[in-house]
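Colleague: This structure is in structure tokens; I'll ask about it shortly.
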Amino acid sequence: MGKTKIILIVDDSMSIRRELRMILEKEGYTIREAGNSKMMNLMIKEDKMIVDLVIMDISLKNENGLTLVEHIKENKEYSNIPIIMLTEHTEKENVLTAKSMGVEGFFKKPIEPDELVKRVNQILVDS
């Protein structure tokens, strides 16, 4: 795979972050975690952490993941970072909005590990 790819998981649920970490570390990815947008922004913008992919919950506590996607995609420095969204609800409007914003994938919780790994590999390895 070459250099290890870094995936940032943004979810306010520690158990979801832990589950995703276990799934993706088995595939050889390096995982970083943020429980909210402030932590995500600190890691990406202030610490200048290089991230190859963001996996983000669409509904964080008091925050809208789509708004965070918008902020990432509007910033020229970070707009090329692929994003996969997670949700407990699959309202068609949210899926269409996310896709129109350039989101690379959309997964309903509970996550199907094989499908997630397949999509992550398509984004990070096969491209």
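Any read-out appearing in this document is the output of simple, stated calculations on the displayed coordinates, not a laboratory observation. Quick caveat: nothing in here was measured; it's all calculated off a predicted structure. Glycine gets a Cβ as well: all are built from the backbone with ideal geometry, and neighbour counts include every protein chain shown.
Colleague: Looking only at the range 72-94, count every residue that is without any contact (Cβ under 8 Å) to a residue 12 or more places away in the chain, outside any loop (DSSP other than H, G, I, E, B) and of a type in the set (Lys, Arg) and tell me the total.
Modeller: Of the residues in that region, 1 qualify.
Colleague: What's the number of the condition residue 69 fails, among (1) crowded, with 17+ Cβ neighbours inside 10 Å; (2) over 19 Å from residue 96 (Cα atoms); (3) free of Cβ contacts under 8 Å to residues at least 40 places away in the same chain; (4) of a type outside the set (Gly, Ala, Ser)?
Modeller: Every condition holds for residue 69 apart from (2).
Colleague: Considering only residues that are crowded, with 20+ Cβ neighbours inside 10 Å and either among the β-branched types (Val, Ile, Thr) or in contact with a Cys (Cβ under 6 Å, 6 or more places away or on another chain) (or both), which ones fall in the range 51-66?
Modeller: Within the range 51-66, 54, 55, 58 meet the criteria.
Colleague: Look through the range 95-104, keep the residues that are under 15 Å from the mean Cα position of the chain (by Cα) and either assigned to a helix (DSSP H, G or I) or among the aromatic types (Phe, Trp, Tyr) (or both), and return whichever of them is surrounded by the fewest Cβ atoms within 10 Å (Cβ to Cβ).
Modeller: It comes out as 99.
Colleague: Could I ask something else about it? For the range 8-38, what are the residues that are hydrophobic (A, V, I, L, M, F, W, C) and either crowded, with 16+ Cβ neighbours inside 10 Å or touching a residue at least 24 places away in the same chain (Cβ under 8 Å) (or both)?
Modeller: 8, 9, 10, 16, 20, 23, 24, 31, 34 - these are the residues of the range 8-38 that are hydrophobic (A, V, I, L, M, F, W, C) and either crowded, with 16+ Cβ neighbours inside 10 Å or touching a residue at least 24 places away in the same chain (Cβ under 8 Å) (or both).
Colleague: Just to be sure, is residue 85 farther than 21 Å from residue 117 by Cβ and surrounded by 11 or more Cβ atoms within 10 Å (Cβ to Cβ)?
Modeller: Spelling it out, it is not the case that residue 85 is farther than 21 Å from residue 117 by Cβ and surrounded by 11 or more Cβ atoms within 10 Å (Cβ to Cβ).
Colleague: So which residues in the range 105-118 are within 12 Å of the chain's Cα centre (by Cα) and free of Cβ contacts under 8 Å to residues at least 40 places away in the same chain, if there are any at all?
Modeller: Those that are within 12 Å of the chain's Cα centre (by Cα) and free of Cβ contacts under 8 Å to residues at least 40 places away in the same chain: 105, 106, 107.
Colleague: Follow-up. Residue by residue through the range 30-53, note down the ones that are in a loop (DSSP other than H, G, I, E, B), more than 16 Å from residue 69 (Cβ to Cβ) and under 13 Å from the mean Cα position of the chain (by Cα).
Modeller: Answer for the range 30-53, where residues must be in a loop (DSSP other than H, G, I, E, B), more than 16 Å from residue 69 (Cβ to Cβ) and under 13 Å from the mean Cα position of the chain (by Cα): 35, 52.
Colleague: Considering only residues that are assigned to a loop (DSSP other than H, G, I, E, B) and under 14 Å from the mean Cα position of the chain (by Cα), which ones fall in the range 1-29?
Modeller: Once the filter is applied, which keeps residues that are assigned to a loop (DSSP other than H, G, I, E, B) and under 14 Å from the mean Cα position of the chain (by Cα), the range 1-29 yields 5, 11, 12, 13, 29.
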